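The values are calculated or read from the model by the stated rules, or taken from the named source; none is laboratory data. Quick caveat, the model's predicted, so the values are computed rather than measured. No Cβ is skipped: glycine too gets one built from the backbone with ideal geometry, and neighbour counts run over all protein chains shown.
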Amino acid sequence: MLKNMKFETSAFNTKQLIDTDLNQIVMVGKSNVGKSSFINTLANQKNLAKVGQTPGKTKSINYYNVNNEYYIVDLPGYGYSKMTKVEQENTSKLVNKYINNNKNISYIFFLVDIRHKPTENDRIMYEWLLDKNIPFTIIATKADKVAKTKIPDYLKDITKTLFAKEDIIAISCQTKYNIDLIENIINKYI
């Protein structure tokens, strides 16, 4: 559990991005993959990150301050077209500026839903992460929604679809399955 995590601010445009020297652990993934639930689980709080009923609503980059030592940063989800063309372009510009001009990103968690094969957008994100050369882990969320004995098969499917070489960690925010592994990674990279 990450102590004293609190929401600090949302950036809806490039002028609102935080200028800080603190390390940042970044969450990326499709809309509806469970990033907000994941942040709430890490913080051991129910409503720190707003869990949207409608996927694709988050158009901002959300900063969560952890004990004034580092940030957990939640990027807008991709792949859901509830946004207008203009909103999609603005969000894309915002994310690119955040990533490309940020020397403080120390780690990225790439979230995929264990129940679904990764999409073309997930493949693009994976390739992009490889290209950025920032350390990352692929996390398969919602592991409580599948039989525990089937988890290795689901992880194999994700690995094959993404052509991933990395190990993938299955997690559950409901049961806190493997959350300790994630906390260990965070502690190593902050």
Among (1) of a type in the set (D, E); (2) touching a residue at least 24 places away in the same chain (Cβ under 8 Å); (3) more than 21 Å from D74 (Cα to Cα), the one test that D113 misses
(3)
Residues of segment 63-97 that turn out to be modelled with pLDDT of 75 or more, within 16 Å of the chain's Cα centre (by Cα), assigned to a loop (DSSP other than H, G, I, E, B) and not aliphatic (A, V, I, L, M), as a count:
2
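A quick yes/no check of all residues on (1) buried (at least 16 other Cβ atoms within 10 Å of the Cβ); (2) without any contact (Cβ under 8 Å) to a residue 60 or more places away in the chain; (3) out of contact with any Gly (no Cβ under 6 Å at 6 or more places or on another chain); (4) among the charged types (D, E, K, R):
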{"residue": "K145", "(1), (2), (3), (4)": "no, yes, yes, yes"}
{"residue": "Y154", "(1), (2), (3), (4)": "yes, yes, yes, no"}
{"residue": "T159", "(1), (2), (3), (4)": "yes, yes, yes, no"}
{"residue": "D167", "(1), (2), (3), (4)": "no, yes, yes, yes"}
{"residue": "C173", "(1), (2), (3), (4)": "yes, no, yes, no"}
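Residues checked against (1) touching an Asp or Glu at 6+ places or on another chain (Cβ under 9 Å); (2) small (G, A, S); (3) assigned to a helix (DSSP H, G or I):
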{"site": "I134", "(1), (2), (3)": "no, no, no"}
{"site": "T137", "(1), (2), (3)": "yes, no, no"}
{"site": "A140", "(1), (2), (3)": "yes, yes, no"}
{"site": "T161", "(1), (2), (3)": "yes, no, yes"}
{"site": "I169", "(1), (2), (3)": "no, no, no"}
{"site": "Y177", "(1), (2), (3)": "yes, no, no"}
{"site": "D180", "(1), (2), (3)": "no, no, yes"}
{"site": "I185", "(1), (2), (3)": "no, no, yes"}
Picking from I18, I25, the residue that is closer than 25 Å to N184 by Cβ and at pLDDT 90 or above would be I25
